[in-house]
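Each remark here refers to the structure printed beneath this line.
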Amino acid sequence: MSGLVVEGRFEGPPASANGGYVAGLLARRLPDGCAVEVTLRLPVPLDTALAVAVGDDGAVELRDAVCAVFAVARATGAPAVGPVPAIGLAAARAAAQAPEALTEHPFPRCFGCGPQRSQQDAVALHPGPIADGAGVWATAWTPGAGLPHAPDGTLAPEIAWVALDCPSSFGTVPVGAVPHVLGRLQGRLDAPLRVGEEVTVLSWPLGHEGRKRWGASAIVGAAGDVRALARATWIALR
């Protein structure tokens, strides 16, 4: 069993951690090269010592001192999202929304998409709809040097998971709907991202039933290579 603390800068909903960031931290505890499914059971507190344990089935659990389970990660198959839309960087740049346009954002300090955060020290992605894009949303993203990265500029994998998390909600949860939170993220990282390298981040809806909505997201390099792919489950708060 090992420990983990999510620092306050990685906020998602108020006073709790960004779900994609938590998913990425747990995914790092599983074998490289596999797709990972992370289920978020409870809001993960910030700046709190938590324990990471591996179960008999190989699943990784995030727990507190009284063994409440906040999240569970396990190896899985590739996300079922269909073909990745062919959207270039120019179209993605044009689609991106300005932070001041997100007046109804439910979590303005979110590390992944909050309009009150800067890309100097957060992911802060704000996709917009692609014209005639059949529901596809997109933005361009150049990861900043203030994000966790290795000396050679390789972005920490958990930051890529954040970029898969929040954007998946933009094309999935209607504007003006009750707030939704991430319930599950099934993702696959195929190639690393680098500080200063511009990529396209895409999202598109996969359906809904009751309080649940499903969305897909992808990170695509300038040459059209898919760097990462995910399927997200979003749950409406009552």
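Quote the relative contact order of the chain in percent (integer), defining contacts as alpha-carbon pairs under 8 Å separated by 6+ residues. Relative contact order here is 20 percent.
Between G114, G176, G128, the GNM of the chain built on Cα springs shorter than 10 angstrom shows G176 fluctuating the most. Taking 7 Å steps out from each Cα toward its Cβ at V178 and D56 produces label points 3.9 nm apart.
The GNM of the chain, with springs linking C-alpha atoms under 10 angstrom apart, assigns the highest mean-square fluctuation among V195, V220, V178 to V178. Computed 3J(HN,Hα) for segment 185-193, one whole-Hz value per residue from the Karplus formula 6.51 cos²θ - 1.76 cosθ + 1.60 where θ = phi - 60°, is 9, 10, x, 9, 9, 9, 7, x, 9, glycine and proline marked x. Centre-to-centre separation between the Cα atoms of segment 109-137 and those of segment 6-51: 20 Å. Sequence-ordered 3J(HN,Hα) estimates for segment 6-18 from the Karplus curve with 6.51, -1.76 and 1.60 and θ = phi - 60° stand at 8, 5, x, 5, 9, 5, x, x, x, 6, 9, 7, 5 Hz, glycine and proline given as x. Provide the net charge surrounding R9, with neighbours chosen by a C-beta distance below 15 Å and charges set as Lys +1, Arg +1, Asp -1, Glu -1. Charge balance in the 15 Å sphere: -3.
Counting beta carbons within 10 Å around each of S16, S217 and listing the fewest first gives the order S16, S217. Per-residue 3J(HN,Hα) values for segment 91-100, derived from phi via the Karplus relation 6.51 cos²θ - 1.76 cosθ + 1.60 with θ = phi - 60°, read 5, 5, 4, 5, 7, 4, 8, 6, x, 5 Hz in sequence order (x marks Gly and Pro). The length gained on full extension between A80 and T103, counted as 0.36 nm times the residue separation minus their Cα-Cα distance, comes to 5.1 nm. Taking the Cα centroid of segment 141-157 and of segment 166-219, what is the distance between the two, rounded to the nearest whole Å? Comparing the Cα centres of segment 141-157 and segment 166-219, I get a distance of 20 Å. Stretching the chain fully between A94 and D132 yields a gain of 12.3 nm (0.36 nm per residue, less the alpha carbon separation).
The Rg/Rh ratio of the chain, with both radii computed over alpha carbons and Rh defined as the Kirkwood radius, is 0.94.
Where a number appears in this text, it was derived from the coordinates with a stated rule and is not lab data. Everything quoted here is computed from the prediction, not taken from an experiment. Positions of Cβ are generated from backbone atoms using ideal geometry, with glycine treated the same way; all protein chains shown enter the neighbour counts.
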